[in-house]
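Chemist: Below is one structure. I have some questions about it.
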Protein chains: 2
Amino acid sequence: MSDAEKNSEMDDGAPKRSTYHHGDLRAQLIEATRHLVEDKGPDHFSVSEACRVAGVSTAAPYKHFKDKSEMLREVALGGMQRQYQQMTEALAPHPPGTLDRIVALGRVYTQFAVTEPGVFRLMFGLSKDHDGDECLIDMGRNVFGMVQQQVAQFRGSDVIEPLDERRAFLLWSFVHGLSFLQIDGKLSKMDMAVDMDDVLREVSERVMRDAPA
Amino acid sequence: MSDAEKNSEMDDGAPKRSTYHHGDLRAQLIEATRHLVEDKGPDHFSVSEACRVAGVSTAAPYKHFKDKSEMLREVALGGMQRQYQQMTEALAPHPPGTLDRIVALGRVYTQFAVTEPGVFRLMFGLSKDHDGDECLIDMGRNVFGMVQQQVAQFRGSDVIEPLDERRAFLLWSFVHGLSFLQIDGKLSKMDMAVDMDDVLREVSERVMRDAPA
DNA sequence: CTTTATATGTGAGAGCCTCTCACTTTGACA
DNA sequence: TGTCAAAGTGAGAGGCTCTCACATATAAAG
């Protein structure tokens, strides 16, 4: 074993590992989990398979995670962070207080669901498992807070009032449902072709209008 | 073994069965599955446990179902039928062409989700498994068709136009998202108290109003 | 009223999974 | 250099899905 191939990120995820201790198994297992969740679905994910991918024994993960569900939770958390990140970035191109900002947030939300349906399902969907996780809840609060803030700014205010909460909630419900219908293929099965951008804009307008009589 | 306790629905689901062949194992397994799905969650459901509940060997189900997932699909299908049924009934009290009818449909949808979250998740959620099932898709079409019809009638028409499809779709997305947020407990975790009826009415109004500029 | 065929249930077991435990390896640091 | 804690392993207990050869009750036919 040469000095060169000793440590570091040499191991490419292939089952051959030439070095005693793994570079950073924990991170690599999370990555493997994410991949598997994505192409087998959150159910049908197995720790064993993640081990095979990472090239370690099936006992190894339990030095880093308490549980199978802890591995999944880690992936879910990563997803929330990524989503939050994307949402923040999506804000930048548009001036504050515009509807465009609100539309942009919705677009990120649904687009995330479409590009990473497995992770998205993990973040929501499977409730019973990682239910009371404070980190996840906090991330959720962050995301929701961002929406509320943009909704308030659209009104020209910087403080969030009940009206803003209400609107943010309506928007959230909508994009959430839209995302699920989309990834479950319900829309295509109903022979419905939907222009996402179009729909998002319409809904944002409808929600942000003055309350109905 | 007396003649009285011979056949029929004598066996109450308890693991003791005094008769040679089961009364109607298929139906009973579906019932057991539904119950288990409801209180353990759709994942965490196991065929073995259903067998224990029904009091048969673990090989028995495979005389009636191809698969674990076929059992689940049967439960999902039952759910769709029940939901459809409830929606039809919910229409009756309100005169045709009213917003009340549309609100009522939404209420049934979310209420179903709340009272049977496990089954609801099964009906949607787990896509990969019972994905291309024609029965499920047809039932979905029925439900969606009903919404479209009410939306058209609200406009005073009996024929469904693109506008109606659009509106029905918006409504669907919304109640779908609302249902999931509700059963995942996201709302309570966000310290949001929401009056369902109130929200449903507001959304229906917003969606059924004239299109925004 | 037998006989036979069919549907339905069973026990055993193959092969997968999760998770534990005693044990080994290895890198860090005193 | 010696010791320890962290990280990985093989074996295996126990649970799961699903198959297969076999058993048994009911219905249909003789």
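Just so it is clear, none of the values below were taken in a lab; they were calculated from the coordinates. Bear in mind that the values here come from a model prediction, so they are computed numbers and not experimental data. Cβ sites come from the backbone with ideal geometry, for glycine too, and all protein chains shown count toward neighbours.
Chemist: B:Lys66 versus A:Gln111, label points 7 Å from Cα toward the beta carbon: distance in nm?
Modeler: About 3.9 nm, to one decimal.
Chemist: Right, here's the next one. Which value in deg cm²/dmol, rounded to the nearest 500, describes the helix-derived mean residue ellipticity at 222 nm for chain A, given -39,500 (n - 2.57) per DSSP H run of n ≥ 4 and division by the residue count?
Modeler: Taken over chain A, the calculation gives -20000 deg cm²/dmol.
Chemist: Fewest to most neighbouring Cβ within 10 Å: what's the order for B:Met146, A:Met80?
Modeler: Starting with the residue having the fewest Cβ neighbours, the order is B:Met146, A:Met80.
Chemist: Residue by residue through B:134-147, how many Cβ atoms from other chains fall within 10 Å of the Cβ on average?
Modeler: That works out to 1 on average.
Chemist: With the label 7 angstrom out along Cα to Cβ, how close does A:Thr58 come to the same site in each of the other copies, in nm, nearest first?
Modeler: 1.5
Chemist: When A:Ile102, A:Ile137 are ordered from fewest to most other Cβ atoms inside 10 Å of their Cβ, what list results?
Modeler: A:Ile137, A:Ile102
Chemist: Now, a different point. To make sure I understand, if each residue's beta carbon is the centre and we count other beta carbons within 10 Å, what order do B:Ser69, B:Ser179 fall in, fewest to most?
Modeler: B:Ser69, B:Ser179
Chemist: Still on this model: Using only alpha carbon pairs under 8 Å that are at least six residues apart, calculate the relative contact order of chain B and give it in whole percent.
Modeler: Computed value for chain B: 19 percent relative contact order.
Chemist: Roughly how crowded by other chains is peptide A:165-176, in terms of the mean Cβ count from those chains within 10 Å of each of its Cβ atoms?
Modeler: Going residue by residue through A:165-176 and averaging, the value is 6.
Chemist: Can you give the average number of partner chain beta-carbon atoms within 10 Å of each beta-carbon in peptide A:38-48, as a whole number?
Modeler: That average works out to 2.
Chemist: Measure up B:Lys66/B:Lys189; B:Lys40/B:Lys63; A:Lys63/B:Lys63; A:Lys66/B:Lys66; A:Lys128/B:Lys68; A:Lys68/B:Lys186 against 31 Å on the Cα-Cα distance and list the ones that go over.
Modeler: Violating the 31 Å Cα-Cα cut-off are B:Lys66/B:Lys189; A:Lys63/B:Lys63; A:Lys66/B:Lys66.
Chemist: Out of every Cα-Cα pair in chain A, what percent are more than 22 Å apart?
Modeler: The share of Cα pairs beyond 22 Å in chain A comes to 58 percent.
Chemist: Using alpha carbon centroids, what distance separates segment B:51-70 and segment B:185-213, in Å?
Modeler: If you average the Cα positions of each part, the centres end up 42 Å apart.
Chemist: Of all the residues in chain A, which one has the C-beta that comes nearest the axis relating A to B, and what is the distance in Å?
Modeler: For chain A, the closest residue to the axis carrying it onto B is A:Gly177, 1.
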